[in-house]
Amino acid sequence: MTAFLIKLWENIKIALRALMQSKMRSVLTTIGIVIGVLTVVSVASIIEGLNRGIAGQIATLGGNALYVQKYPWVSMEDFSKFRNRPNLTLKEADFIRERMKSAEAVSPSTGTRQDVRYRNKTLNGISVTGVSDRYDVVTGLVIEEGRFFSYSEIEREKNNVVIGWEIKDKLFENRNPIGEKIRIGTTTYTVIGITEKRGNFLGESLDAEVYVPLGTVFKNFGWHRSLTIAVKVNDPAKVEAAKDELRFLMRTIRKLTPTEEDDFSINQQELLTEMYNKLTGGLYTAAFGIGTLSLLVGGIGIMNIMLVSVTERRKEIGIRKALGAKRKVITFQFLVESVIICGVGGVIAILLSFIVSIIISKITPFPSAVPAWSVFMGLGFSALIGLFFGIYPASKAARLNPIECLRYE
Amino acid sequence: MESLIELKDIVKTYKVGAEEVHALRGVNLLIRPNEYISIMGPSGSGKSTLMNIIGCLDTPTSGRYELENVPVHEMDDNQLAEIRNRKIGFVFQTFNLLPRANALHNVELPLIYSGVPAAKRKILAEAAIERVGLSDRKNHKPNELSGGQRQRVAIARALVNNPSLILADEPTGNLDSTTGEEIMQIFRSLHAAGNTVVLITHEREVAEQANRIVHIRDGNIAEDIQNR
């Protein structure tokens, strides 16, 4: 083992000396490798960033929550098709709450966008969600300060509001907002709670939201709106069965005949997860495609330059062979050289990908982080390319006839 | 009597295009330890081919070659490399030093290939450089050395593995006569120290410095004279 390491070190020195001799050529040769590794590592770091951000957000929707809505979250069809569906109503929500056996909690909600104002500060187009009393339980909303709505507050349609972390930050700065009055649209509400910071979802802040009792949305912002009926399933293992029951109940109350299609959608986190996985899977496939292609091109470049190098250094090979270098020694020498070229390319690519990652998180809404596995994979792959595409030139060098090589000037 | 090199009916035939070239047509030659022998002949006589075969750079088409009683004529590429490394020290007309490596590293090369550890290598290489009187130039690269100095480095390299045979191919061919004489002086002293020296040359004055002169003509030994 030590003998091998010593031999390796000798060859690394020889290779570095040869590469330093033609620095420009060596660097240019690595470009293909750099692009290949850079592509894969950069995409991996974007996806890693997405994973840390979005995947977590999707998970907070709750794996055992079902959402009955007018529109599906994910559809291959034209959304105009769903526009003529009837709105989901409170009556339907009550029907589900009474009849659904596999539901732990049922919480209707609805949304609108309004301007939110405190003293002389106004935030435009803030998402206002009208909620019922179990909304926090069903959707996994966490209150950081104050409290969520009680049953009676919802029933009496009190003008109270729970605000998102960012709303608090922008309107109140360091002041305590609990008990303060803010205006939503034209109505005044009293702040009773603040939600925990949740971060961004596809560039949109999840903390720039306010929550009010469901009834007040209808009362203050109009009756013509569809509900989202969130259902928390009591047994996470039986989500599919619960989904069937929910669908049956919805079809019952809407009196659909067996031949009629559903005129509502049952959404669940799984759909988003699936879509997300499809999206990132597609990104990975594309990145690996481009990466593989440029690594291939880079590898052929390496092979080409190594063949040139073998031809140029025929004399050196002849001398080494005359002095007793066996075939495997020459092979090893040239393999080490091509692996080093590729390894240098890999290192350059990794360094660049850290820079790219920083740029991406600065100029796009996507967070970005270079995952450790991609660094090792990038270096490993480039070394492997060097090994693979170096074999032919190296074995060609090893098989050269020393007499002919020595004659070469 | 003990033999260092024994060549029996060595034939070497090349194919150049469709034509067969008979470079050697059945050479028989015996070289004993500590001989100083020159192989002489005009270009095209087959002396280079003979040198390549004696130097284990090439194998004969037919015939036997025993080096220290070991048959080498049927060895493969790797076995020949090992023989060259341990038994033969080459000195070439064009020096054949690695241009990017300094003198010391050039002299170390054969030791690297015989697996001598770095520390011992350095000691041996420095001793060999000392023997050719170049200690003060050991860190110079070939292009910083004169022709004579380069050839001294090459001789140090040929000596460093303590070979059975020093094989010099036109060692003074690229040197002026004064420097050439200095190099020949080194070969004489190596012979005096017990080494076997085989000199390949086409120059009569160079050849006549050896104790035995073998003339090659048309792939055969024409004359084998004891010089002194």
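Of all residues in region A:1-30 being hydrophobic (A, V, I, L, M, F, W, C) and buried (at least 16 other Cβ atoms within 10 Å of the Cβ), which is farthest from A:Ala287 (Cα to Cα)?
Out of the qualifying residues, it is A:Ile14.
Residue check: is A:Ala369 touching a Ser or Thr at 6+ places or on another chain (Cβ under 7 Å) and either farther than 19 Å from A:Thr39 by Cβ or surrounded by fewer than 16 Cβ atoms within 10 Å (Cβ to Cβ) (or both)?
Taking the combined requirement at face value, the residue does not satisfy it.
Looking at region A:296-328, which of its residues are under 21 Å from A:Lys13 (Cβ atoms) and within 47 Å of the chain's Cα centre (by Cα)?
A:Ile302, A:Ile305, A:Met306, A:Ser309, A:Val310, A:Lys328
If you take the residues of region B:101-121 that are within 7 Å of chain A (Cβ to nearest Cβ), in contact (Cβ under 8 Å) with a residue 12 or more places away in the chain and crowded, with 17+ Cβ neighbours inside 10 Å, which of them is nearest to A:Phe332 (Cα to Cα)?
B:Tyr113
Could you check region B:86-140 and list, in sequence order, the residues that are aliphatic (A, V, I, L, M) and outside any helix (DSSP H, G or I)? Give the steps one after another, and end with the answer.
Within region B:86-140, the first condition is being aliphatic (A, V, I, L, M), and the residues that meet it are B:88, B:91, B:97-98, B:101, B:103-104, B:107, B:109, B:111-112, B:116, B:118-119, B:123-125, B:127-129, B:132, B:134.
Correct list: B:Ile88, B:Val91, B:Leu97, B:Leu98, B:Ala101, B:Val116, B:Val132, B:Leu134.
Can you pull out every residue in region A:123-143 that is under 15 Å from A:Glu153 (Cβ atoms), at pLDDT 85 or above and part of a loop (DSSP other than H, G, I, E, B)?
The answer is A:Ser132, and nothing else.
Can we say A:Glu337 is acidic (Asp, Glu) and either free of Cβ contacts under 8 Å to residues at least 60 places away in the same chain or under 18 Å from A:Val27 (Cα atoms) (or both)?
yes
Listed here are the residues, each with its yes/no results for (1) under 18 Å from A:Lys243 (Cβ atoms); (2) surrounded by fewer than 18 Cβ atoms within 10 Å (Cβ to Cβ).
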| position | (1), (2) |
| --- | --- |
| A:Asn84 | no, yes |
| A:Leu88 | yes, no |
| A:Ile96 | yes, no |
| A:Glu104 | yes, yes |
| A:Val116 | no, no |
| A:Gly130 | no, no |
| A:Asp133 | no, no |
| A:Asp136 | no, no |
| A:Thr139 | yes, no |
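If you go through region B:69-88 one residue at a time, how many are surrounded by 15 or more Cβ atoms within 10 Å (Cβ to Cβ), in contact with a strand residue (DSSP E or B) (Cβ under 8 Å, 6 or more places away or on another chain) and more than 9 Å from chain A (Cβ to nearest Cβ)?
So the answer is 3.
Within region A:320-409, which helices (runs of 4 or more DSSP H) (wholly inside it) include 2 or more residues that are within 14 Å of chain B (Cβ to nearest Cβ), in contact with a strand residue (DSSP E or B) (Cβ under 6 Å, 6 or more places away or on another chain) and over 30 Å from B:Ser114 (Cβ atoms)?
Because the criterion is at least 2 residues that are within 14 Å of chain B (Cβ to nearest Cβ), in contact with a strand residue (DSSP E or B) (Cβ under 6 Å, 6 or more places away or on another chain) and over 30 Å from B:Ser114 (Cβ atoms), no helices (runs of 4 or more DSSP H) in region A:320-409 meet it.
When the residues of region B:56-85 are filtered to those that are among the charged types (D, E, K, R) and free of Cβ contacts under 8 Å to residues at least 40 places away in the same chain, which remaining residue is nearest to B:Asn161 (Cα to Cα)?
Taking the candidates together, the pick is B:Arg84.
Do we find that B:Ile129 is crowded, with 21+ Cβ neighbours inside 10 Å, of a type outside the set (Gly, Ala, Ser), within 20 Å of the chain's Cα centre (by Cα) and more than 10 Å from chain A (Cβ to nearest Cβ) in this structure?
Yes.
State which residue is nearest to B:Leu104 (Cα to Cα) when the search covers only region B:150-160 and only residues that are in contact (Cβ under 8 Å) with a residue 40 or more places away in the chain and more than 13 Å from the chain's Cα centre (by Cα).
B:Val153
One residue is enough: does region A:203-211 have a residue meeting the conditions surrounded by fewer than 19 Cβ atoms within 10 Å (Cβ to Cβ), part of a strand (DSSP E or B), modelled with pLDDT under 90 and touching a helix residue (DSSP H, G or I) at 6+ places or on another chain (Cβ under 6 Å)?
yes
Within region A:260-290, can you find the residues that are among the polar types (S, T, N, Q) and under 30 Å from A:Gly378 (Cβ atoms)?
Step one: of region A:260-290, the residues among the polar types (S, T, N, Q) are A:265, A:267-269, A:273, A:277, A:280, A:285.
Of everything in region A:260-290, those that are among the polar types (S, T, N, Q) and under 30 Å from A:Gly378 (Cβ atoms) turn out to be A:Thr273, A:Asn277, A:Thr280, A:Thr285.
If A:Asn84 satisfies every condition in (1) assigned to a strand (DSSP E or B); (2) at pLDDT below 90 but one, which is the exception?
Status for A:Asn84: all satisfied but (1).
The values are calculated or read from the model by the stated rules, or taken from the named source; none is laboratory data. Values in this document were obtained by computation on a predicted structure and should not be read as measured data. Reconstructed Cβ throughout: ideal geometry from the backbone, glycine too, with neighbour counts over all protein chains shown.
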